[in-house]
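Below: the structure, in C-alpha cells.
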Amino acid sequence: MTPSVLVDHLVDRVLATDGRRRVLVDGAAPLRPAELADALVEPLRAAGRAVVRVHADDFLRPASLRYEHGREDSDAYLEDRLDAGALAREVLDPFGAEGRYLPTLWDANRDRATRAAYATAPGAAVLVLDGELLLGRWFDADLTVHLTVRTATLARRLGDERAWQLAAFARYEDEVGPQDVADVVVRVDDPRHPALVVR
C-alpha cells in the first residue's frame, strides 16, 4: 500500500472507538516510527480528536545508567536505555485514567531533567507515542503498531556505526516477539510501499 493508505488504516482503527486512546508506534529508529506517528496527527485532528505527541526518547534514563556497561553494549540498549517505569507512571497510565500526562522527562543531550509541567488532554484525546523496543514492557496501550524489516535491511539502515545495535533487536525479536504481540505489523523494507502483515 502507499504510506497515506497506511495512515488512513491506522486512523480508522483509532476512530473506531470512543474516549481517550493511546497509540504506540514501535520500530528501530532507521525505520522512522516518529514519521509514521507524526503522520497520524493531522488526520486525527481533522476528525475532531485532540492529539498529544510524545517521544519515548524524552524518557531515557540518565547517561550514568544507560552507559554503565559502555556506549555500545547491546544488552544495555535493550534493558537500560528507556525509563519504562517513568513512561508508564507519568504518561500512559495517567493519560488513560484522567488525561493527565508529562510531555517530557529527560533531555538526553544535556543529560538532565527537562522540568516540564504536567498537562491535561480532553476526554476524547489520542496520545501517539513513538520509540524503539517498546513492546513487551506491560505498557497500557489501546493500539500498538510495530514496524519491521528483514535483518539484512535493518543492518544496512543502521550502518557500520550502529551495527552493534543489531544484537539488541535480535534479542527483542526472540524474547518479545513484537510481530506476534503488536496489534498492527507493518513491513517497511520499501518505505514507499509499506505492507500490512495479515495474520
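The values are calculated or read from the model by the stated rules, or taken from the named source; none is laboratory data. These numbers come from a predicted model, not from an experiment. Please note: Cβ atoms are built from the backbone with ideal geometry, for glycine as well, and neighbour counts cover all protein chains shown.
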Which pairs do you get when a residue that is farther than 11 Å from residue 148 by Cβ and in contact (Cβ under 8 Å) with a residue 60 or more places away in the chain, found in the stretch 186-199, comes within reach of a residue that is among the basic types (Lys, Arg) and surrounded by 15 or more Cβ atoms within 10 Å (Cβ to Cβ), reach meaning Cβ atoms under 9 angstrom, with the pair 6+ apart or on two chains?
191/32; 196/187
Just to be sure, is residue 153 assigned to a strand (DSSP E or B) and of a type in the set (S, T, N, Q)?
no
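If we keep just the residues of the stretch 185-199 that are of a type in the set (A, V, I, L, M) and in a loop (DSSP other than H, G, I, E, B), which is farthest from residue 36 (Cα to Cα)?
Pass one, the stretch 185-199, residues of a type in the set (A, V, I, L, M): 185-186, 188, 195-198.
Pick out the ones that are also in a loop (DSSP other than H, G, I, E, B) and you get 188, 197-198.
On the way: 188: 11, 197: 16, 198: 19 Å.
So, considering only residues that are of a type in the set (A, V, I, L, M) and in a loop (DSSP other than H, G, I, E, B), the one farthest from residue 36 (Cα to Cα) is 198.
Only one of these is β-branched (Val, Ile, Thr), within 20 Å of residue 182 (Cβ to Cβ) and assigned to a strand (DSSP E or B): 7, 14, 23. Name it.
Numbers: 7 fails: assigned to a strand (DSSP E or B); 14 fails: assigned to a strand (DSSP E or B).
Sole residue among the options that is β-branched (Val, Ile, Thr), within 20 Å of residue 182 (Cβ to Cβ) and assigned to a strand (DSSP E or B): 23.
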Could you check the stretch 60-77 and list, in sequence order, the residues that are in contact (Cβ under 8 Å) with a residue 12 or more places away in the chain and not in a loop (DSSP other than H, G, I, E, B)?
60, 63, 65, 66, 74, 75, 77
Name the residues in the stretch 29-70 that are over 15 Å from residue 8 (Cβ atoms), over 18 Å from the mean Cα position of the chain (by Cα) and crowded, with 18+ Cβ neighbours inside 10 Å, would you?
66
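Filter the stretch 105-126 for residues that are assigned to a strand (DSSP E or B) and either among the aromatic types (Phe, Trp, Tyr) or under 24 Å from residue 30 (Cβ atoms) (or both) and give the result. Working first, answer last.
Initially, the stretch 105-126 is screened for residues assigned to a strand (DSSP E or B), giving 106-107, 112-113, 119-120, 126.
Matches in the stretch 105-126: 106, 107.
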Number of the exception - residue 103 against (1) of a type outside the set (A, V, I, L, M, F, W, C); (2) under 18 Å from the mean Cα position of the chain (by Cα); (3) within 25 Å of residue 169 (Cα to Cα):
(3)
Which residues, taken from the stretch 90-115, are of a type outside the set (Ser, Thr, Tyr), surrounded by 14 or more Cβ atoms within 10 Å (Cβ to Cβ) and within 12 Å of residue 58 (Cβ to Cβ)?
90, 91, 102, 103, 105, 106, 107, 108
Within the stretch 11-34, take every residue that is under 19 Å from residue 92 (Cα atoms) and acidic (Asp, Glu) and give me the one that is modelled with the highest pLDDT.
26
For residues that are in contact with a strand residue (DSSP E or B) (Cβ under 7 Å, 6 or more places away or on another chain) and of a type outside the set (D, E, K, R), scanning just the stretch 15-28, find the one that is surrounded by the fewest Cβ atoms within 10 Å (Cβ to Cβ).
23
